[in-house]
1. In whole percent, what relative contact order does region A:123-225 give with Cα contacts below 8 Å and a gap of six or more residues?
2. Mind pulling the angle between the C-alpha long axis of helix B:230-248 and the longest principal axis of chain B? Nearest 10 degrees, somewhere in 0 to 90.
3. State the extension gain, in nm to one decimal, for the chain segment bounded by residue B:54 and residue B:314, taking 0.36 nm per residue of separation less the distance between their alpha-carbons.
4. Helix B:331-344 versus the longest principal axis of chain B: what is the Cα-based angle in degrees, 0 to 90, to the nearest 10?
5. Give me the distance in nm between label points sitting 7 Å out from Cα along the Cα-to-Cβ direction at residue B:174 and residue A:243, one decimal.
6. Mind sorting B:269, A:73, A:170 by how few other Cβ atoms lie within 10 Å of their own Cβ, fewest first?
7. With Kirkwood's inverse mean 1/r over C-alpha pairs for Rh, give me the Rg to Rh ratio of the protein assembly as shown, two decimals please.
8. With Rg and the Kirkwood Rh both taken from Cα atoms, where does Rg over Rh land for region A:264-305?
């Protein structure tokens, strides 16, 4: 089965909203074997909406429309769709009850604009939105299903998970199966060379994609086929996966789509060991990533964000003479920070970072120069990197590098 | 002038990459008065690429194509475009020199796949990519300009800023001017009611959009017109902006597109005061956001991420009896954390957070229950919120709420 996505919202074309809905839908639909063929983003404009609906691909079974269902004047999706499907709006008291109920839980009362959201198209099926006031509409027309969803991600996701995905699963005859191999610290072209021979021998049923992002490459091995052939194809997929593992070995940090912090979190939970961090230029990002994983309190005790030299000295026991001698961005300061937090917070492992994230450097050191350190039960690691002058990139790449290094040190 | 964007990459349709490029392009192009009419995302598939090129909108002047220019086998954009424009690839030694130079700066040597990137279409104009190996191509065909850019954001942005935007500016006769008013903590429908009368009186040249995200609403007032009318239209835009300011007052935290952490950063830099944070469930996110602003070291001294009770007691001076009596998620613990970090780090202002971010609660407290506190020179503020069980949302909303409260307390 094939789908296309239409996202409606001038804010997307103006770049004030990043279209994360399409990515979420693409991932969720492909997991149930529905292929998203195209995503089209257009403005809140009736002509643009109608033209896009007129030009859906002939192979499309599902059209997923997001956005433009809010209570305000600039939201016109419902009105346009009602006209397009030659439908009419009728007042549905049960929807208004739901809206009132939702508001009362937030201690609020719906206003006139919210009441208008209880008018619903007569021919459409309603999928309730438990998390918001705009209800989901489904029309069936020329054997294509058109679904209109609210643009608020949290609300859209709830409806798709509760109603749309289960319905799609029921209607399948083909499957798409993806396997992932995530690698940190090896450039895309180097990976491609390692895999050249193996890749050349792949049959047409399989395809490999390289999905690079700063510091990371995701490899995606895809298998497509008919559900009736799935047994033999899954076996071949398993054997191809074994070959990738043999070629890349420990470079693969996960075969799920989980981030490195999840991988690390699992390692710590398994080992029963504890972790603390001392961060300078990463400013709390390492702690924030670790604590983004539910249950991280089992092993993560906390962090000192030592943004000033004063805090490095006072709270982490860094020697002020070393700062004078070597500067705050130096091997010795990185090691002293890691050792300082390790003994202060009484943990098994500690991480530290010190550097100039950019856009400018300092004290004769160029922007993007960083020292990263890890101290463990009977190992310590410290290394200098040049990450370039982009602040955000230097911080996010440093998090990846240090998490991957921590994985390799723990997982010995 | 009008543009459309075509993003090529199966990873986008599968949702493994969020299409941030289109958002960045949308913003950059609208700033120079070029309207993005449509964004189409398709897979790395020759038929899909050709069909999309065949169906560009008649009013389009610029077609911006991103992605599919990498060195690996799954990247086919260049090959397809060369065929589409009836062009041919020729080897350009100067491009290979550039690639070699780029690699040597990273201490690497290009491989065979990288050498292939030095083959360039004969009829296309080259815009050099200073940051990567895939060069940008421009074809002019039936008075439409087609530009093919690499998908790596950092590389794409560099080329657009250096070459594409300056060229677009030269060719303008219409303008689009946007003004923004960002509000925290007021629901979209409440804002809409406050603005109803003013909005109803707007002429067709102006339009207002509500761009909500969790905890925030961006209001965008847009004015479109011919460059020759710009003087009078800009005057009217100014007067409309004054009216919005009169209606919303202090609720507007900025009229730029800057985030609250930038607004706060400015307030601190102006006042010469200092800040530190003590974070429990936000796990370093508040510090990370503050330090995402260049120059934050001028006022931000650091943070203690106290993820365990032990650290709250030992490092922040929280009374262990209060934890036993009230639990760690309580008014008194939040206040003691804020006061503790304030005296320990010797700062003028401090922020603290304690709560259950979700997905589960603890000790009889439901997930999403949080206490936020701020202590300043002669003021303290502490408040309980129920943010729901979504971990990420609870953390990000808490950051917004506390930053906005800090702004209101400082800016008195």
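Just so it is clear, none of the values below were taken in a lab; they were calculated from the coordinates. Just so it is clear, the structure is predicted and the values come from calculations on it, not from any experiment. All Cβ positions, even for glycine, are placed from backbone atoms using ideal geometry, and neighbour counts span all protein chains on display.
1. Working: 127 pairs, mean separation 22.8, N = 103.
Computed over region A:123-225, the figure is 22 percent.
2. Computed tilt is about 20 degrees.
3. The residue B:54-residue B:314 span can extend by a further 86.9 nm.
4. Computed tilt is about 80 degrees.
5. 5.4 nm
6. Numbers: B:269 14, A:73 18, A:170 8.
Sorted ascending by nearby Cβ count, the order is A:170, B:269, A:73.
7. Working: Rg = 27.4 Å, Rh = 28.7 Å.
With Rh from the inverse mean 1/r over Cα pairs, Rg/Rh is 0.95.
8. Values: Rg = 10.0 Å, Rh = 10.4 Å.
Rg divided by Rh gives 0.97.
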